[in-house]
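A.B. asks: Attaching a single structure in structure tokens format; questions to follow.
The values are calculated or read from the model by the stated rules, or taken from the named source; none is laboratory data. Just so you know, these numbers come straight off a predicted model, no measurement behind them. Every residue, glycine as well, gets a Cβ built from its backbone with ideal geometry; the counts of neighbours run over all protein chains shown. Ligands, DNA and RNA are stripped out before the accessible areas are found, and what is left, the full protein with its side chains, is counted by its heavy atoms. Shrake-Rupley method; radii C 1.70, N 1.55, O 1.52, S 1.80 Å.
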Amino acid sequence: MASRTVTLEQVARHAGVSPSTVSRILNGTAVVSDDKRQAVEDAIRTLGFVPNPVARGLAGGRTLSIGVVTQAIDSPFYGAALRGIEDTLGAAGYSPLFVSGHWNPEEEARCIEVLRARRVDGLIVLTGRLSDAELRALARQLPVVVTGRTLK
């Protein structure tokens, strides 16, 4: 059985409100009557609407994802750190995108370009071989956290 994606417009039609009202209610920015809010919540429940995080992120100028450059995803050393990052980001409504640089500066740079192409909202770099200058230049373009080393 094929799944059917319920759209924001369908929720609005079912609730008898505009799509922008549904969007503002979902984002918590709407000042609406309790009746309208209840109608939207009922429509969401009845239709099984699930907000699309990619669409929400693009509409708000954010992807709600953070790129994480580790050196080896399967390393026991990085495993605990990756789990902590995943738990902390998840609690804040963000999703991590993990990539491995394998202690190779060219591979790390390629990984960062992949993450930037996906429009991550920030980066976490766990140690690595990229130069301090490269990391500083990157930090001028988007938020970056570097662990396991001191930048000079």
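A.B. asks: Calculate for the chain the 222 nm mean residue ellipticity that helices alone would give, adding -39,500 (n - 2.57) per DSSP H run of length 4 or more and normalising by residue count, nearest 500 deg cm²/dmol.
C.D. replies: Working: 7 runs with 75 residues, N = 152.
That comes out to -15000 deg cm²/dmol.
A.B. asks: Pull out the extension gain between Ala30 and Phe77, defined as 0.36 nm times the separation in residues minus the alpha carbon to alpha carbon distance; nm, one decimal.
C.D. replies: Details: separation 47, 0.36 × 47 = 16.92 nm, distance 4.53 nm.
Taking Ala30 through Phe77 to full extension adds about 12.4 nm, to one decimal.
A.B. asks: Once the Cβ-Cβ distance between Ser131 and Ala91 is put in as r, and R0 is 25 Å, what FRET efficiency do you end up with, to the nearest 0.05? Write down the numbers at each step before the final one.
C.D. replies: Details: r = 33 Å, r/R0 = 1.31.
Working from the Cβ atoms, E equals 0.15.
A.B. asks: Let me ask something else. Charges on Cβ only, +1 for Lys and Arg, -1 for Asp and Glu, centred on the Cα centroid of the chain; of Val99, Ser131, Leu26, which one is farthest towards the dipole's positive end?
C.D. replies: Checked the options; the winner is Leu26.
A.B. asks: Just to be sure I understand the curve: with the Debye formula and one point per C-alpha of the chain, what is log10 I(q)/I(0) at q = 0.12, 0.13, 0.19 Å⁻¹?
C.D. replies: Normalising to I(0) and taking log10 leaves -0.65, -0.71, -1.05.
A.B. asks: Give the residue from Gly79, Val114, Leu89 lying farthest towards the positive end of the charge dipole for the chain; charges sit on Cβ (+1 for Lys and Arg, -1 for Asp and Glu) and the dipole is referred to the Cα centre.
C.D. replies: Farthest along the dipole direction, towards plus: Val114.
A.B. asks: Nearest 20 debye, what's the magnitude of the dipole of segment 1-134 about its Cα centre given +1 on Lys and Arg Cβ and -1 on Asp and Glu Cβ?
C.D. replies: About 540 debye.
A.B. asks: Would you calculate the separation in nanometres between label points at Ala139 and Ser18, each defined as 7 Å from the Cα along the Cα-to-beta-carbon direction?
C.D. replies: In this crude spin-label approximation the distance works out to 4.4 nm.
A.B. asks: While we're on this one: Between Leu47 and Glu106, what is the label-to-label distance in nm when each label sits 7 Å out along the Cα-to-Cβ direction?
C.D. replies: 5.1
A.B. asks: In debye, nearest 20: dipole of segment 59-152 around its Cα centre with unit charges on the Cβ of K, R (+) and D, E (-)? List each step's numbers first, then the result.
C.D. replies: Numbers: 11 positive and 10 negative charges, 61 e Å.
Computed about the Cα centre, the dipole is about 300 debye.
A.B. asks: Could I ask something else about it? Could you please state how large a percent of the accessible area of the chain is carbon and sulfur, counting protein chains only and using a 1.4 Å probe? The partial results should precede the final answer.
C.D. replies: Details: 5140 of 9390 Å².
Answer for the chain is 55 percent, counting heavy atoms of protein chains only.
A.B. asks: Express the relative contact order of the chain as a whole percentage, based on alpha carbon pairs under 8 Å and six or more residues apart in sequence.
C.D. replies: Answer for the chain is 19 percent.
A.B. asks: Quick check on segment 5-45: what does the Kirkwood estimate of hydrodynamic radius come out to from the alpha carbon pairs, in Å?
C.D. replies: 9.7
A.B. asks: Hey, any idea what Rg/Rh is for segment 65-152, computing Rh the Kirkwood way over Cα pairs? Provide the component values of the computation, followed by the final result.
C.D. replies: Working: Rg = 12.0 Å, Rh = 12.9 Å.
Using Cα coordinates only, the ratio equals 0.93.
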